[in-house]
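The values are calculated or read from the model by the stated rules, or taken from the named source; none is laboratory data. Computed from a predicted model, the values in this text were never measured in an experiment. Please note: Cβ atoms are built from the backbone with ideal geometry, for glycine as well, and neighbour counts cover all protein chains shown.
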């Protein structure tokens, strides 16, 4: 009986040509690669531990070996790149984008050992996910690092991205990248940067108490002004695109919290979640 999240025949037909071939020499590959990918996607979607993988799948050690091998040789990112470009073509876009959005997400880590830091702004001890997405919300580049690194100091992870995306010339960022971060992007990458700011909030004012003419006894009191807007204040221009991408990640329970020992493994899980999303879109598209 198939697991509810097994790949369909249409999805496997798209992904099968992208699966890394077996290494030359040694015994021929005997495992079913479709079941290997199904097992990895099952762990991604359900968030279970490797040793709790159902017996309908290949042994967990075999599945983990393939996942870790593809982490080390960059296969996850390469498969994701091919599928992302196919999705952009399907949407009538050029494969390399001309504009992007940059943002970060801080997530908690588990009790497992590994690199972590404290984000004073979010009050979270964990890691940050720095992502660069196109205007469709598809990930172009990402980096997972400790949460104590400020966004403006983490922009160095973009080094070399301009060579991969020669058409890219503009990027939207939030206020965490102002200052040295915005300057670094403009000087090293040659992109124009737009900082998307939040609407101004009503804070307060000093109100005189007593006779305004009696300066000796006049005192002032700070009173908070009523908010200009109540309820939902609307989405921020372009920022909602990357926030939606972060929401897509949380559909996978493995990514609701960072359980990985190595940040590189976290990056591979993010690419796997995007591969899962892109396969479903490409398979459902009319031929």
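Entry remark, the range 184-193: residues being more than 15 Å from residue 160 (Cβ to Cβ) and in contact with a helix residue (DSSP H, G or I) (Cβ under 9 Å, 6 or more places away or on another chain) number 2 in total. Of the residues making up the range 246-265, those that are surrounded by fewer than 23 Cβ atoms within 10 Å (Cβ to Cβ) and in contact with a strand residue (DSSP E or B) (Cβ under 6 Å, 6 or more places away or on another chain) are 246, 257, 263.
Collect the residues in the range 2-15 that are more than 23 Å from residue 266 (Cα to Cα) and either outside any loop (DSSP other than H, G, I, E, B) or free of Cβ contacts under 8 Å to residues at least 24 places away in the same chain (or both), keeping them in residue-number order. 2, 4, 9, 10, 11, 12, 13, 14, listed by residue number. Does residue 83 fit the bill of being at pLDDT 95 or above, surrounded by 14 or more Cβ atoms within 10 Å (Cβ to Cβ) and touching a helix residue (DSSP H, G or I) at 6+ places or on another chain (Cβ under 7 Å)? So residue 83 passes the test. Residues that are exposed (fewer than 15 other Cβ atoms within 10 Å of the Cβ) and either in contact (Cβ under 8 Å) with a residue 24 or more places away in the chain or closer than 23 Å to residue 247 by Cα (or both) within the range 24-46 comprise 31, 32, listed in sequence order. If you go through the range 227-252 and keep only what is at pLDDT 70 or above, out of contact with any helix residue (DSSP H, G or I) (no Cβ under 8 Å at 6 or more places or on another chain) and not in a helix (DSSP H, G or I), you end up with 236, 237, 238. All told, residue 138 falls short of being over 20 Å from residue 267 (Cα atoms) and buried (at least 16 other Cβ atoms within 10 Å of the Cβ).
Do you know which residues across the range 278-287 are over 14 Å from residue 38 (Cα atoms), part of a helix (DSSP H, G or I) and touching a helix residue (DSSP H, G or I) at 6+ places or on another chain (Cβ under 7 Å)?
Kept after step one, since they are over 14 Å from residue 38 (Cα atoms), are these residues of the range 278-287: 278, 281-287.
Going one step further and asking which of them are part of a helix (DSSP H, G or I), we end up with 278, 281-284.
Selection gives 278, 281, 282, 283.
Going by the structure shown, is residue 114 out of contact with any strand residue (DSSP E or B) (no Cβ under 7 Å at 6 or more places or on another chain) and free of Cβ contacts under 8 Å to residues at least 24 places away in the same chain? Taking the combined requirement at face value, the residue does not satisfy it.
Residue-level check: of (1) in contact (Cβ under 8 Å) with a residue 60 or more places away in the chain; (2) closer than 30 Å to residue 224 by Cα; (3) over 16 Å from the mean Cα position of the chain (by Cα), residue 207 misses just (1).
So that you can scan it fast, the table gives a plain yes or no per residue for (1) free of Cβ contacts under 8 Å to residues at least 12 places away in the same chain; (2) surrounded by fewer than 16 Cβ atoms within 10 Å (Cβ to Cβ); (3) more than 24 Å from the chain's Cα centre (by Cα):
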| site | (1), (2), (3) |
| --- | --- |
| 58 | no, no, yes |
| 66 | no, no, no |
| 78 | no, yes, no |
| 88 | no, no, no |
| 92 | yes, yes, no |
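Restricted to the range 17-93, the set of helices (runs of 4 or more DSSP H) holding at least 3 residues that are in contact with a strand residue (DSSP E or B) (Cβ under 8 Å, 6 or more places away or on another chain) and closer than 15 Å to residue 278 by Cα comprises 75-90.
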